[in-house]
Amino acid sequence: MANSEWRGSNKWAIRLAPVFVLLIAFALRLYRLGDQNVWWDEGLAMWAIRKGLAGVTVWTAGDVHPPLYFWSLWAWVQLVGETEFAARYLSLAYGVLIVALVHPLVRRLTAHLTIQKGNHEGRPYWVALTAMLLTATARFPIWWSQELRMYILATLTSLLSLYFFVRALQEGERRAWLAYIASSTAALYTIYLSGLTLLAQGIFVLLTLRRRMAGQRRFLAHWLGSQALVAALFIPWFIFAAGKMRTWSVSQPFDAGVLLELYTVALSLGISTEVSRYLLPALSVCVLVLAGAIFFWRQTGDRGWHGWESALYLGLPVLLLPVVVYLLTLNRGLFYSPRVEARYLVLFAPCFYILLAAGLIGLWRWWRWGGVLAALLVIGLFAWSLPGYYTGRYMRDDYQTALRTLSAYAQPDDGVLLVSGDRFPLFLYQYRRLVGDENAGPIVYRLPRDVTRFTEENVAEQLAPVAAAHSRLWLASFERALQDPDNLVEKWLDARYRRALQVTVGYNHLILYTADGVPPTVSPANLAPQYPMDALLTAGGVRLLGYDLPTTEFRPGDAAHLGLYFHLPAGRSTIELTVDWVDSQQRVVESRRLALEGREQECIIRQGVDFAVYPRTPAGLYQFLLYASEQSIEVGRMRVAATGPLLPVGTIQHPLEATLGGSIRFLGYDLADATYIAPGSTLTLDLYWQAEDKVADSYTVFVHLIGEAYNPATGGPLWAQDDSLPVEGGYPTMQWPVGVSVRDRHRLVIDPQTPPGQYQIEIGMYQLPSAERLPVRMADGTQDTRILLGQVEIGPAHQQPVTSNK
């Protein structure tokens, strides 16, 4: 079919297909865009632009990157704000523009090519569309289109430089040369590594110039002139920044082979950790990229452009990038020597995907079924790798609860002592959003000043002047181990003040120090709950004014920090309330009893309530219910995700009835029948429990193997044990719903030195830290502190186990 006929019969499909691909690119970059905490580099960028346009310009001069991205980010946040979603949307826009630009670049590179075999003028269109689709769906560019960093802008400006250069080369348009100069300069003002774009183009010119006999001098004049103009536009910045750049290095000796593995896997699958595990599938993608270069190379062309030039033009930057990155990471003793990071390798990712698209289309032309299989391979790898990227994106409550508490209780003349090492941008990012200007009130002091860490000698010198200026001090201890590993600041404050309030989030905490230690109250001017409401709770006038729940998705190791705002009437009575964490079936997971102490004057307080998520807390939707005066009020919803499943409960092999502590029922156990157990082997035991009433505390399950012989290692007859929270430490007793059976697996590793003989298995529960065992009441009424499950036989070490056929 002739090209015009082919286009005519598919006019609307040709026009709409790229638009559809752009919508896919937009959707994939929009998904969970704001569902990730700002990390250190992103926080640093937000901290930098708060200096203002002039301030961030001066700051970047001494940093490791030029200012263009920071200029654009500064302008952007003036329009849309500083939330994670709004600020990152700028990178999303850059990422979608990259996908859009791939299509005209490929069409430009293939416009003068003809297929050697057959009449397939439509093939360049399919290469362009496939390249767009690959760039739109590849994990690597999606990743950096959702980051508050300059690397995706560098990719865009470098791609613009590549596009306008080939356009100027082919057509000699003045507008194309001007656009090339502008985009190349913009690339250099984004990251210095973008100079590699000009280097690749220069090598391309040297390798192809002798073939261009016609118009050679004119092209050379234009090209050399453009390079001179780019240099003239960039040199002023370089002169300004050169005197401010620091010479430092964070790089470690890095094996070049490992760098190539990282480069291969990152481009192919978007994965940057444990890359050796994914090298084989990544290499298969690279083989297709090589096929794409061969596909281009074999095409003939007209008007002075040939297929091998397209292959060379796209391949040079892809090949040069890892070499230059490796050289830059070597410690040179001049300027900045970075460690090898995946982010430096995204610069020419679109060129990689264009070659991959050409490989797929070329293979389709050479061998139809081979093309189908190759396409299925790439689709499968992309579809497999991309969900893993999104899985790790969710918002954690790292600073929000602490800073919402500070915002509620802060007074203008308070001082905030921030001990966080180089993590201060993350704290200040949230502080500005939730509290206010760190230079106004309360004033934030980044400590220690002028030294790297606190010592016994300097702690008083650092803290005394600040303490003298404020009647109340907040200690914001976040990542304190970086600068205060001995906890000297907290000790100094504890010796001079009383703690009025403490909020703990993980291993970080916020402490309010005052002279009298009286719990603070919330000023009406500070009252700004995340979810405002006004509900009368008691006839005495206690009201719920709202609540905070900074994040709504929780995973193992997280804790839901619920903050409740109460208006308390005057009077020193105690108001008792209950907060229940309930699942989708309205079963109580955990309960917290609140005792609100009234004051002489009416006041507003913020009461924190925490619920932890464990590795086996059942995944699903939950809500929080506040109970007061026989009424319940919903105070937040949450979702638990990424937890392991509970083992199914079936027929119990050995039923055995017992009750522990009056609220936990033992139902029986499973133990595989065997003639004997060999020393050094592992004995698997499944215990079955059920909560008869809501368990308020967390108990540890003990499983002991007791013999008659003395074990010198344990100082008694204990030869094997497994003491842990139920379900391999993942499902504590206080989260068990009433009436639901729980299968609790334990593994006893038999000591190789265990002598042959009969051994008794005993189980039970105790509470830490006292280690006091729960009383056990057997079905026959007898009482003990343990349950005996029967005996097992340990055979001689040289025998082999013979399993029963039962």
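State whether one or more residues within region 451-470 are under 26 Å from HIS561 (Cα atoms) and either β-branched (Val, Ile, Thr) or surrounded by 14 or more Cβ atoms within 10 Å (Cβ to Cβ) (or both).
If we filter region 451-470 for residues that are under 26 Å from HIS561 (Cα atoms), which is where we start, we get none.
No, region 451-470 has no match at all.
Among the residues of region 513-547, which ones are acidic (Asp, Glu) and either more than 18 Å from GLU600 (Cα to Cα) or assigned to a helix (DSSP H, G or I) (or both)? Spell out how you get there, then give the answer.
Residues of region 513-547 that are acidic (Asp, Glu), as a first pass: 516, 534.
Correct list: ASP534 only.
For region 389-407, give me each residue that is out of contact with any Leu (no Cβ under 6 Å at 6 or more places or on another chain) and among the hydroxyl-bearing types (Ser, Thr, Tyr).
If the condition is that a residue be out of contact with any Leu (no Cβ under 6 Å at 6 or more places or on another chain) and among the hydroxyl-bearing types (Ser, Thr, Tyr), then TYR389, TYR390, THR391, TYR394, TYR399, THR401, THR405 are the ones that fit.
I'd like to verify a number: residues in region 211-226 that are at pLDDT 80 or above and open to solvent by 40 Å² or more (accessible area, probe 1.4 Å), how many? Write out each step before concluding.
Filtering region 211-226 for residues at pLDDT 80 or above gives 218-226.
Imposing the further condition that a residue be open to solvent by 40 Å² or more (accessible area, probe 1.4 Å) reduces the set to 218, 220-222, 224.
Residues flagged as at pLDDT 80 or above and open to solvent by 40 Å² or more (accessible area, probe 1.4 Å) within region 211-226 amount to 5.
Answer with yes or no whether LEU148 is under 22 Å from TYR313 (Cα atoms) and either open to solvent by 20 Å² or more (accessible area, probe 1.4 Å) or at pLDDT 95 or above (or both). Can you show your working first?
Numbers: under 22 Å from TYR313 (Cα atoms): no; either open to solvent by 20 Å² or more (accessible area, probe 1.4 Å) or at pLDDT 95 or above (or both): yes.
The answer is no for LEU148.
Sort out which residues of region 158-174 are at pLDDT 95 or above and open to solvent by 10 Å² or more (accessible area, probe 1.4 Å), and write them in order of number.
LEU160, TYR163, PHE164 - these are the residues of region 158-174 that are at pLDDT 95 or above and open to solvent by 10 Å² or more (accessible area, probe 1.4 Å).
From the list GLY55, GLY43, exactly one residue is in a helix (DSSP H, G or I), without any contact (Cβ under 8 Å) to a residue 40 or more places away in the chain, over 30 Å from GLU309 (Cα atoms) and open to solvent by less than 30 Å² (accessible area, probe 1.4 Å). Which is it?
Numbers: GLY43 fails: without any contact (Cβ under 8 Å) to a residue 40 or more places away in the chain.
Answer to the check: GLY55.
Report whether or not GLN690 is of a type outside the set (D, E, K, R), open to solvent by 20 Å² or more (accessible area, probe 1.4 Å), touching a Ser or Thr at 6+ places or on another chain (Cβ under 9 Å) and free of Cβ contacts under 8 Å to residues at least 60 places away in the same chain. Step through it out loud before you land on a result.
Numbers: of a type outside the set (D, E, K, R): yes; open to solvent by 20 Å² or more (accessible area, probe 1.4 Å): yes; touching a Ser or Thr at 6+ places or on another chain (Cβ under 9 Å): yes; free of Cβ contacts under 8 Å to residues at least 60 places away in the same chain: yes.
Taking the combined requirement at face value, the residue satisfies it.
Go through region 424-433 and give me each residue that's surrounded by 19 or more Cβ atoms within 10 Å (Cβ to Cβ) and either free of Cβ contacts under 8 Å to residues at least 40 places away in the same chain or more than 13 Å from LEU510 (Cα to Cα) (or both).
PHE424, PRO425, LEU426, LEU428, TYR429, GLN430, TYR431 - these are the residues of region 424-433 that are surrounded by 19 or more Cβ atoms within 10 Å (Cβ to Cβ) and either free of Cβ contacts under 8 Å to residues at least 40 places away in the same chain or more than 13 Å from LEU510 (Cα to Cα) (or both).
Tally the residues that are open to solvent by less than 10 Å² (accessible area, probe 1.4 Å) and of a type in the set (A, V, I, L, M, F, W, C), restricting the search to region 128-143.
The total comes to 7.
Could you pull out the residue among THR208, THR190 that is at pLDDT 95 or above, among the polar types (S, T, N, Q) and either assigned to a loop (DSSP other than H, G, I, E, B) or over 24 Å from HIS65 (Cβ atoms) (or both)?
On the way: THR208 fails: at pLDDT 95 or above.
Answer to the check: THR190.
For ILE787, all conditions in the list (1) open to solvent by less than 80 Å² (accessible area, probe 1.4 Å); (2) over 23 Å from GLY650 (Cα atoms) hold save one; what is the number of the exception?
(2)
Got at least one residue in region 441-458 being touching a Lys or Arg at 6+ places or on another chain (Cβ under 8 Å) and not polar (S, T, N, Q)?
For region 441-458, residues touching a Lys or Arg at 6+ places or on another chain (Cβ under 8 Å) and not polar (S, T, N, Q): absent.
Filter the helices (runs of 4 or more DSSP H) completely within region 348-409 down to those with at least 1 residues that are under 25 Å from ALA136 (Cβ atoms).
Values: elements: 349-366, 368-391, 400-409.
Helices (runs of 4 or more DSSP H) meeting the threshold: 349-366, 368-391.
Among GLU602, GLU597, which is in contact with a Gly (Cβ under 9 Å, 6 or more places away or on another chain), at pLDDT below 95 and not polar (S, T, N, Q)?
Numbers: GLU597 fails: in contact with a Gly (Cβ under 9 Å, 6 or more places away or on another chain).
The match here is GLU602.
Considering only region 59-66, I want to know if a residue exists there that is within 24 Å of the chain's Cα centre (by Cα) and on the phi > 0 side of the Ramachandran plot.
There is no residue in region 59-66 that is within 24 Å of the chain's Cα centre (by Cα) and on the phi > 0 side of the Ramachandran plot.
The values are calculated or read from the model by the stated rules, or taken from the named source; none is laboratory data. Keep in mind the model is a prediction, meaning the values are calculated, not measured. Neighbour counts are summed over all protein chains in view; Cβ atoms, including those assigned to glycine, are modelled from backbone coordinates with ideal geometry. SASA here: full protein model, heavy atoms, side chains in, ligands and nucleic acids out. Shrake-Rupley method; radii C 1.70, N 1.55, O 1.52, S 1.80 Å.
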